[in-house]
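Structure record follows, encoded as structure tokens.
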Amino acid sequence: MAARIIDGKVIASELRARVADEVARVQRVHGVTPGLAVVLVGSDPASQVYVRSKHKQTQAAGMASFEHVLPADVEQIELLALIGKLNRDPGVHGILVQLPLPKSLDTEAVINAIDPAKDVDGLHPNNAGRLAGGFAALSPCTPLGCIILTKSVHASLEGLNAIVIGRSNLVGRPLVQLLLNENATVTIAHSRSRDLAQLCARADLVYGAVGRPEMVRADWIKPGATVIDVGINRLPGPDGKDRLVGDVAFAEVSEVAGAITPVPGGVGQMTVACLLVNTLRAACAIHGLAKPAV
Ligand code: NDP
């Protein structure tokens, strides 16, 4: 039987609508307008597309959106000075530095300079450490989106066997921590793992976060499992234009899985929606308000 398709577009749009409602309430009741500042260094076309989409969606949710575009040859000290200014700006509750940065800049130092209370990408070591310790933290947006998509299929993840393939700081590691917080039993796999097919065979939840086109095959998947595909890979299409494929061989895996996210139209849709959630949460925490209902 063909798997149920988890529609990231619909789920992200519902989430954005709930964020917009909460933003309106926080404004009305507390006079606080959450604000997100996005810093883009250089003119990488893919990064420009992401930043434009973040700007549009932030404004559509009723939040303030601030864009800072710096030249690719900006000095580290100037970038750090801008981050310092945004850290002190009371109208800014979330700061996101679009990655990757040009090689001339020290990405780790830049991330470390962001006030952890405004670190809506969840990459600052304070947030990563708090998440790993099971404490309240701002978590990276893509893994948050993966959890929401999974919960659209499973009301509870308690006791489910999950495998996360990939252990980056951006996706795999924080996803493992979020799954643990949901009381799933988690295996984390990476490039040195042996026999991935066998590791996947027990999993009720499979997360592909590798960056290798269609690596996860149908015969790895337990019948009925939920498969969440984080991968975004560009392959040349028949018309000469790039086509996007995930880390999961969608056509064959959807014959075995119980539910699956498509690429595009799955996890990718959730990342910016979760950025809005994090900005709203950060604004509420900074102003000492109750955690918002999203
Ligand atoms: P990274 O390159 O940082 O990490 C990839 C991970 O995959 C590493 O942990 C690596 O292992 C592991 N890996 C590589 N080859 C294998 C293999 N053969 N078997 C098992 N594991 C392997 O990538 P990201 O985490 O940043 O991104 C992963 C994918 O998700 C990419 O396609 C990216 O484009 C996509 N992405 C999508 C987002 C979205 O919004 N949908 C957001 C962010 C990323 P090791 O640690 O041993 O090297």
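Residues whose amide H lies under 5 Å from that of Val41, counting only those 5 or more places away or on a different chain, are Leu70, Gln98; hydrogens are built 1.01 Å from N in the peptide plane. In order along the stretch 25-35, phi translates into HN-Hα couplings of 5, 4, 5, 5, 7, 10, x, 10, 9, x, x Hz, rounded to whole numbers, per the Karplus curve 6.51 cos²θ - 1.76 cosθ + 1.60 with θ = phi - 60° and x for Gly and Pro. With the Cα gyration tensor of the stretch 158-294 giving a ≥ b ≥ c as the square roots of its eigenvalues, does the rule (a/c under 1.5 for rounded; else a/b larger than b/c for prolate; else oblate) give rounded, prolate or oblate? Cα axes put the stretch 158-294 in the oblate bin. Expressed as a whole number of Å, what is the distance separating the alpha-carbon centroids of the stretch 1-46 and the stretch 226-254? First find each Cα centre; the distance between them is then 24 Å. Here the chain has 53 percent of its accessible surface on carbon and sulfur atoms, given a 1.4 Å probe and all protein chains in place.
For the stretch 99-215, the calculated P(r), taken from all Cα-Cα distances in 10 Å bins from zero up to the bin holding the longest distance, is 13, 41, 32, 12, 1 percent.
Of the peptides 108-119, 170-181, the order by per-residue mean of other Cβ atoms within 10 Å, starting with the highest, comes out as 170-181, 108-119.
Which shape class applies to the chain: rounded if a/c is under 1.5, otherwise prolate when a/b exceeds b/c and oblate if not, where a ≥ b ≥ c are the square roots of the Cα gyration tensor eigenvalues? Prolate, because a/c is 1.5 or more and a/b exceeds b/c. Here's the picture: a label point sits 7 Å out from the Cα of Glu255 along the beta-carbon direction, and within the stretch 1-43 the residues with their amide nitrogen under 16 Å of it are 1-4.
Each residue of the stretch 192-203 is assigned a 3J(HN,Hα), and the resulting list reads 9, 5, 9, 6, 4, 4, 5, 5, 6, 4, 8, 7 Hz, derived from the Karplus form 6.51 cos²θ - 1.76 cosθ + 1.60 (θ = phi - 60°), x at Gly and Pro. Cross-link reach is defined here as a Cα-Cα straight distance under 22 Å, omitting same-chain residues fewer than 8 places apart; for Lys222 the lysines meeting it are Lys151. Extents of the stretch 29-141, largest first, come to 42, 34, 25 Å (Cα atoms, principal axes, whole angstrom). The distance between label points at Ala64 and His154 comes to 4.1 nm (points 7 Å beyond Cα on the Cα→Cβ vector). Pairs exceeding 24 Å between alpha-carbon atoms, taken from Lys118/Lys291; Lys9/Lys56; Lys56/Lys103: Lys56/Lys103. Taking a ≥ b ≥ c as the square roots of the eigenvalues of the Cα gyration tensor, the stretch 1-60 is oblate, since a/c reaches 1.5 or more and a/b is not larger than b/c.
Helix 141-151 and the long axis of the chain differ in direction by around 50°, with both axes built from C-alpha atoms. Each other residue within a Cβ distance under 10 Å of Val272 adds +1 if Lys or Arg and -1 if Asp or Glu, for a net charge of +3.
Computed from phi, the 3J(HN,Hα) profile of the stretch 163-172 under the Karplus parametrisation 6.51, -1.76, 1.60 (θ = phi - 60°) reads 10, 10, 9, x, 9, 6, 5, 7, 10, x Hz, with x in place of Gly and Pro. The DSSP beta bridges internal to the chain are antiparallel in roughly 10% of cases.
Taking the helices alone, the chain has a mean residue ellipticity at 222 nm of -12500 deg cm²/dmol, built from -39,500 (n - 2.57) per DSSP H run of at least 4 residues and averaged over all its residues. Annotation for the stretch 57-127 versus the stretch 145-221: alpha-carbon center distance of 29 Å. Give the angle, between 0 and 90 degrees and rounded to the nearest 10, that separates the Cα long axis of helix 45-60 from the longest principal axis of the Cα atoms of the chain. Tilt relative to the chain: about 70 degrees. Applying a DSSP loop filter and a limit of 16 other Cβ atoms within 10 Å to the GluC sites (Glu not before Pro) in the stretch 213-265 leaves Glu255. Applying a 4.7 Å Cβ-Cβ cutoff to the chain, the cysteines left without a disulfide-compatible partner are Cys146, Cys200, Cys284.
The values are calculated or read from the model by the stated rules, or taken from the named source; none is laboratory data. What you see is a predicted model, and the numbers here were worked out from it, not measured in a lab. A quick note on method: Cβ atoms are made from the backbone with ideal geometry, for glycine too, and the neighbour counts reach across all protein chains shown. Quick note on the areas: whole protein, heavy atoms, side chains included, nothing else; ligands and nucleic acids left out. Shrake-Rupley method; radii C 1.70, N 1.55, O 1.52, S 1.80 Å.
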